[in-house]
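Structure, as structure tokens:
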Amino acid sequence: MNGNKLGRKYMTYSVRYLLIVVIAFLLAGGATSYAVNPPSDKGDAVVTGGDLSFMNAAAPGGMAEVELGRLAEKKAESSEVKAFGERMVTDHSKAGKKLEALAVQKHVKLPAKLMPEQKQTMAKLSKLSGSEFDRAYVAAMVTAHEKDVAAFKAVAKNGTDADVKAFAAGTLPTLEKHLQMINALADKMGVKPEEKK
């Protein structure tokens, strides 16, 4: 009888201990990152610091460009603004896929939603139409691409992780082309500097 009680008590402690270990493992994120994406034999470095911040900002930034591009395809009055929106959907979707592949390689869980500032821009532009939409969209794209180019240029030059640096350097020429295109469109439409802020 005493043996049975002792056995049950031991089993209870063993189960509790096992549960604690499993919960600790899950809280540490081990199950989500390493069960799905085990470290490769190549010894991929862990992304930290500025490189990680860059990846976490680039993901929602790219998503915002795609969503706003789709909005421009639907709402823009100018054929040039529509065409720029289409270009954003195509180019930023491609860059987004490359970033996702890099995140898998580096065991990084990227943000899946837009940032509050991006949501505000989306909400603001959703309420506009015609030439009013065109001007606001162009202004938003100038601001976004100035920030994008600066961020990608900094990581391409000063990033720590070689793969993150390569992604930034490889994407930078496309972003610089976007900035050149949207600045030309802003000048043509007479979008003033204060509108670009």
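The values are calculated or read from the model by the stated rules, or taken from the named source; none is laboratory data. All values reported here derive from a predicted model rather than from experimental measurement. Every residue, glycine as well, gets a Cβ built from its backbone with ideal geometry; the counts of neighbours run over all protein chains shown. These area figures cover heavy atoms from the full protein model, side chains too; ligands, DNA and RNA do not enter into them. Shrake-Rupley method; radii C 1.70, N 1.55, O 1.52, S 1.80 Å.
Between Lys97 and Val149, the simple label model (points 7 Å from Cα in the Cβ direction) yields a spacing of 2.7 nm. Per-atom-type breakdown for region 69-123 gives carbon and sulfur 54% of the accessible area (1.4 Å probe, protein chains only).
Legend: residue pairs Lys74/Lys124; Lys97/Lys157; Lys106/Lys177; Lys106/Lys165; Lys109/Lys153, Cα-Cα distance threshold 18 Å; pairs beyond threshold, Lys97/Lys157; Lys106/Lys177; Lys109/Lys153.
Measuring r between the beta carbons of Thr90 and Ala162 and using R0 = 35 Å, the FRET efficiency lands at 0.80. Charge dipole (Cα centre; +1 on Lys/Arg Cβ, -1 on Asp/Glu Cβ; no other charges) of region 76-197 amounts to roughly 340 debye.
What the phi angles of region 131-138 give under the Karplus curve with 6.51, -1.76 and 1.60, with θ = phi - 60°, is a coupling list of 5, 5, 5, 3, 5, 5, 5, 4 Hz, glycine and proline written as x.
Per-residue 3J(HN,Hα) values for region 80-89, derived from phi via the Karplus relation 6.51 cos²θ - 1.76 cosθ + 1.60 with θ = phi - 60°, read 5, 5, 4, 4, 5, x, 4, 4, 5, 4 Hz in sequence order (x marks Gly and Pro). Scalar couplings 3J(HN,Hα) for region 107-118, obtained by applying the Karplus form with A = 6.51, B = -1.76, C = 1.60 to θ = phi - 60°, are 6, 9, 8, 7, x, 9, 10, 5, 7, x, 4, 5 Hz; x denotes Gly and Pro.
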